[in-house]
1. P(r) of the chain in 10 Å steps, Cα pairs, percent per bin?
2. Accessible area per residue, 1.4 Å probe, Å², for the chain: what's the number?
3. Quick check: pseudo-label points 7 Å beyond the Cα along Cα→Cβ at E211 and T322, how many nm apart are they?
4. Using only alpha carbon pairs under 8 Å that are at least six residues apart, calculate the relative contact order of the chain and give it in whole percent.
5. Direction-averaged shadow area of the convex hull around the Cα atoms of the range 214-349, nm²?
6. I need to check one value: relative contact order of the range 160-216, counting alpha carbon pairs closer than 8 Å and at least 6 residues apart, in percent.
7. Taking the chain as a whole, which cysteines find no other cysteine Cβ under 4.7 angstrom from their Cβ?
8. Expressed as a fraction of 2.2 N^0.38 Å, the rule-of-thumb size for a compact globular protein of N residues, what is the C-alpha radius of gyration of the range 1-147?
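The values are calculated or read from the model by the stated rules, or taken from the named source; none is laboratory data. This structure is a prediction, so every number in the text was calculated from the model and none was measured. Neighbour counts run over all protein chains shown; Cβ positions are idealised from the backbone, glycine included. Side chains included, ligands, DNA and RNA excluded: accessible areas come from the protein's heavy atoms. Shrake-Rupley method; radii C 1.70, N 1.55, O 1.52, S 1.80 Å.
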Amino acid sequence: MNNEYERTEADKIIEECLSLHTPKSFFLFAGAGAGKTRSLVNALQYINNTIRDQLVLLDKHVAVITFTNAAAEEIKNRTQYDSLFTISTIHSFVWRLIKGFDVDIKKWLKDYLQSKINEYNSKPHKSGTKQEASYNKQLERLKQLETIKHFNYDPAPEAANSGKDSLNHSEVLKICAHFLINKPLFAKMLVQKFPILLIDESQDTDKNLMEAFLSIQNKFSDCFTLGLFGDTKQRIYATGKEDLGDIDYWSSCGFKTPQKPQNHRSGSRIVELANKIGSLIDKTPTQNPVPDKGEGCVRLFLAPTNTDKHLIESRVKEHMATITGNSLWNKKNWKDKEGATLVLEHRMAAVRMGFVEMWDALKSTSEFDSVKSGTSQEINFFKNFVLPLVQSNNDFEIMRIIKKYYKDLFKQINKDSLRYISECVSRIKTAYTNNPNITFGEMLDVIRTCDIFNIPHKYDEESESFELFFNIKLSQIIPYAKYIDNLSEFKTHHGVKGLEFDNVMAIIDNDTKWRTYDETNFFVEGKANQDTLRLLYVICTRAKQNLAVILYTDTTKNQLNQNWFNDEEIISLSSF
């Protein structure tokens, strides 16, 4: 790591906390574009320059928890992959802590499953419901528990069938939080191994786990530093701890509360709009723009709800190119940081990209949350196995794909088995080529006849819940894959946290059967729920230079609350 780095006043306060003899904990309040990651890396640089030898001598490390794998990789790169720092996502970190405590994990799972079973039995219930299906799975899992000796956790499963010894995302978080609170030796082990724990995007860290970390900080404040980096205005997950934005609370707990009030990302007009929205979320400080970022351009476009949306969005880009003089708006597809088209929720992208029937068909399944995150083993069977298989003509690539799903992977492969594998691949590819309208269910039937590939067990155990999905065209997996792999022009607020773009076009369209947010009333009455406010704040603060907001509404310009946009910034598209 480089020994020189630029230090802000907030960095100096953080440095005072990073001591093995007189540790202090802190919460860095920093809004969008303030440089939270820069301060986190600066803290690691300071540790490297001052107490590295002490940590190495005592065989201790510094833990850094990030929100995404991409963020973890970025910080690893900035610290030149220094082994002193254990940098990982929250799920990877907690699995590192609980891995190997199989007896304790088994006991927790047994108690947890039994409590769920008792809860189901204590209430009246009907047969044939999702609740009954879940109850039956819990009973079966409880029976299997006694045969398990070791547990596993895979943050990005590729195989079609997860084993009975597998723990999911939610379980590893709950288990770790329980151990930290109820097992003093487990908590002490964490403190001894990691006397400094730094958490990025702490506002969205699981609240039960966050409360466990805060409890440990309170018990071991003389030998443990808990450093939190975050912007409470950007908390967009309901699982995050809600009350992190009270500066007085942190001060009363003995935490230092450094602040970084400047926004080094956006033009002053964008910062002004974000401040107005953010002031309705919590009482954390507003931001100050940096003069060299310029003013920036903000426009609100009002579009009729019954209109050609592809045409409208194309014309908005043309209009923004004219008024800003920025030629990037004329590009059909932006690359990297050039720009982003943000939709407020996934279904808006599904409608525009052509996989909405598939999306709606999966809403009633228990897998829907994992479908939204791209981690569904059932859907990834088609995305990561069937789709590349039918699209590839490279024999080596085809064999690489097959290896992950071939039933007899560890058995001896001879000429006959290779010939049969080739026949099955040809059968699958031919079915796809000869019938452009082939459905997911029809393709699944073709694969079943081969009887050599692992098919997700839920397709058999919960076939009724996938009935609608099986009738959807397989071709819809193509735009879904492009979207979920972040290769499309459309992105949601969940996928762009921490990112920045020269130009942002934000699409607000309530015609999606989605009622979590209420943006129309916000722009008319200036009132909205917290989910709406946080979402709008995240979206607006992604823009560096230019922000175009398209609001599909039958509301007229005269009905809008002028507090958010100036008259010249509001453009009615009915005149286009």
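1. 3, 15, 22, 24, 21, 12, 3, 0
2. That works out to 47 Å² for each residue.
3. My value for the distance between the label points is 5.6 nm.
4. 19
5. 11.9
6. Rounded, it is 47 percent for the range 160-216.
7. Isolated Cys, the chain: C17, C176, C223, C253, C297, C540.
8. 1.54
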